[in-house]
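The structure appears right after this line, and notes come after that.
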Amino acid sequence: MQFGVSTFLTDQGIGPAELGRALEERGFDSLLIAEHSHIPVSRTSPWPGGGDLPTHYYRTLDPFVALAAAASVTERLLLGTGIALIPQRDPFHTAKETASLDLVSGGRAILGVGVGWNREEMRHHGADPRTRGRLTDERLHAIRALWTREEASYHGEFVDFDPVYSWPKPVQRPHPPIYVGGGPGAFPRVREFGDAWLANSTPPEQLGPQIAQMRETAGRDVPVSVYAIPEDAATVEAYTQLDVERVLFYLPTVPKAETLHHLDAFADVAARFR
């Protein structure tokens, strides 16, 4: 099993280059970061975590800029979005940003995707929360076409364009892996697009049956990464009993010294299972 880190990078925590270097020095294999374009002042969408929305949601860095900074000081670390909010993203820009990250990192990009929860935020991007699933699927089809075809086109309900040229193409072939986030409602999307399922903080006792359900829906043996787990050896031990490819420790958004303390603690836990 591989070990990585998931976090929110902001202007108030450790910088992406310092974090990337620290992760690689400690033997972690991956960094996945969250995104929010903005948080509406007037919001009725409840935060899935319950209670008040934490401060770091308001201050996230652009994920592709941050990951490119981490790429510039690392050689092996996989660099991904966890997750990119596809209903809020132009598919041309997202395809180009991901392919550019893959190019400058030497083939280390991961596109983690999801539909999001903040309805007010997505409405500001012109997305209807009621159709965000179908919109996400069409945009992912379009992104794959832009990555893999010399002359790409797509004609759908929400995305429609005649043949275009789009470069750079990704270094990875056929394209960077797509990690599909979400619960059982996202399993059809895993079937259609998923190079991996990104399970969000799912406890081990619930994850086993969900993996079986996901793979039955997908009709194939899709790898699983678990996003935002605690630094608890007993929890990691439970994940090792499941067919999980990677776990991603949740790193709080804190200054450099505190961040390094957390990373050392994560590394100590991971070392017990390597």
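A few comments on the model shown:
- If you go through the stretch 104-159 and keep only what is touching a strand residue (DSSP E or B) at 6+ places or on another chain (Cβ under 7 Å) and of a type in the set (Asp, Glu), you end up with just Glu151.
- Qualifying positions in the stretch 228-259 - modelled with pLDDT under 95 and among the hydrophobic types (A, V, I, L, M, F, W, C): none
- Flag if Arg144 is part of a helix (DSSP H, G or I), at pLDDT 95 or above and out of contact with any His (no Cβ under 7 Å at 6 or more places or on another chain): no
The values are calculated or read from the model by the stated rules, or taken from the named source; none is laboratory data. This structure is a prediction, so every number in the text was calculated from the model and none was measured. Note that we place each Cβ from the backbone using ideal geometry, even for glycine, and neighbour counts take in every protein chain shown.
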